[in-house]
1. For the stretch A:123-237, evaluate the Debye formula with one uniform point scatterer on each Cα (no solvent term) and list log10 I(q)/I(0) at q = 0.09, 0.14, 0.15, 0.22 Å⁻¹, rounded to two decimals.
2. Taking the alpha-carbon distance from A:K153 and a cut-off under 25 Å, which lysines remain once sequence neighbours fewer than 8 residues away in the same chain are dropped?
3. How long are the semi-axes of the equivalent ellipsoid of chain B, taking √(5λ) for every eigenvalue λ of the Cα gyration tensor, in whole Å from largest down?
4. Among DSSP beta bridges whose residues both lie in chain B, state the antiparallel percentage, nearest 5.
5. Would you mind listing the distances between the B:E220 label point and the same position in each other copy? Use 7 Å along Cα-to-C-beta, nm, one decimal, shortest first.
6. Please say if the stretch A:191-237 is rounded, prolate or oblate, where rounded means a/c under 1.5 for a ≥ b ≥ c the square roots of the C-alpha gyration tensor eigenvalues, and otherwise the choice is prolate for a/b larger than b/c and oblate otherwise?
7. Using a simple charge model, +1 on the beta-carbon of Lys and Arg, -1 on the beta-carbon of Asp and Glu, nothing else, what dipole does the protein assembly as shown show about its Cα centre, in debye to the nearest 20?
8. Give me the net charge for the shell around B:R235: Cβ to Cβ below 10 angstrom, other residues only, Lys and Arg +1, Asp and Glu -1.
Number of protein chains: 2
Amino acid sequence: MNLLLLEPADFVAADRVLLDGRRLKHLQEVHRAEAGESLRVGLIGGDMGEGRLLRLDAGSAELQVSFDQPPPVKLPITLLLALPRPKMLRRVLQTVATMGVPRLVLLNSYRVEKSFWQTPFLEQPAIREQLILGLEQARDTVLPEVIIEKRFKPFVEDRLPLLAAGSLGLVGHPGDFPPCPRGLPLDQPVTLAIGPEGGWIPYEVQKLAEAGLQPVQLGERILRVETAVSALLARLF
Amino acid sequence: MNLLLLEPADFVAADRVLLDGRRLKHLQEVHRAEAGESLRVGLIGGDMGEGRLLRLDAGSAELQVSFDQPPPVKLPITLLLALPRPKMLRRVLQTVATMGVPRLVLLNSYRVEKSFWQTPFLEQPAIREQLILGLEQARDTVLPEVIIEKRFKPFVEDRLPLLAAGSLGLVGHPGDFPPCPRGLPLDQPVTLAIGPEGGWIPYEVQKLAEAGLQPVQLGERILRVETAVSALLARLF
């Protein structure tokens, strides 16, 4: 936790917050914080600043906070991800938030096992929990938007063309394709699709291409989804 | 598992292997393989090719194998990593093998907790197990070399200058430093150091600089070690 993220409900006065639960535990056990110390804080969806620890005991921590710094800019990207297996999903949500992706679409694909859609990790509070962990890691305050699309075809045919309009559309896909572009300017919008383990099937690659997303490759090596996400984002921008 | 990695001990004839244990279970449960099918195989440290499944039963699988393709080239990099916490270590070892790093140095740092050095995941068979998983993911056969350096100063003063000689030496470090270079040619040797959670301390950055490694940054966001590894490698090459 490189940033203590605060929610509106934490405030007991305009410049005072009271924390318990996970964040209190983190202050006590990992940060080993003591009264008088200053910590980096951020207001969810808002600015970042400093919190001075007024009091820390077994049940709660009280901080005086001020905010004077905007969060880091996001990448100009919409990331489409074939729904990963539940354990990987949690880590990918953190990675997506950490790397500064503002919009994530979790999408069905032929090679996504049906059972993956049943996971409790897809419920909104569970998604939010992982995104918050990713923001705290990165020092960011702005939650990415997460869109869930359980049907590939209607999404790709009806909604993706609009979503991807005006952006550079890419599909990360192993094979004889052009290499993934490098070092794009931060005002170049991108829509990037990353497939499931085992990859998109040819029909899906074709449908994505019809919606304006062209295949690009990242070399011979097959990467796990989480590794592919950070590698592709770091190469693109 | 995108490649079935074979060891010399698996061979019962020049072109026949007999598998049990983890790989058998994977063939049965994940791959749901049947006799007659062909699978991608690789000989550890050697070539890749095809294996035809002759027989698969509860206790073992027999394959006829042939090898005709070299493994993918490695990146020209030596990666120095402050020892991550045990759970992260296992994933990082996989990532390092998947991304094609040929040499990894696990190094002490002021911010590495002493207890991390006690983990059984640092024993050679445990390291090898994670590297193999990473190679199977990437479709590679060549194990990275893993060097363990429990003392920062003697390593950085006495051995690092030789190890880094003739290479571009870099330290991934947040702050007001030049950005990490992009798209280096594959014949440009690099020595890259990535710090612990919380980062290198200034003394360590200075000692690394004296050994020829200059700080570079990857933007404002603080990345987890595993994310930093894949992001920096994907940006460099």
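Throughout, read-outs are computed from the coordinates displayed, never taken from laboratory work. Values in this document were obtained by computation on a predicted structure and should not be read as measured data. Cβ: placed from backbone, ideal geometry, glycine included. Neighbour counts: every protein chain shown.
1. Once normalised to I(0) and log-transformed, intensities are -0.27, -0.67, -0.78, -1.43.
2. A:K114, A:K207
3. Square roots of five times the eigenvalues give 38, 18, 15 Å.
4. 40 percent
5. With the label placed 7 Å along Cα→Cβ, B:E220 yields 4.1 nm.
6. Numbers: a/c = 2.13, a/b = 1.38, b/c = 1.54.
Cα axes put the stretch A:191-237 in the oblate bin.
7. Value, rounded to 20: 220 debye.
8. Surrounding charge for B:R235 is +3.
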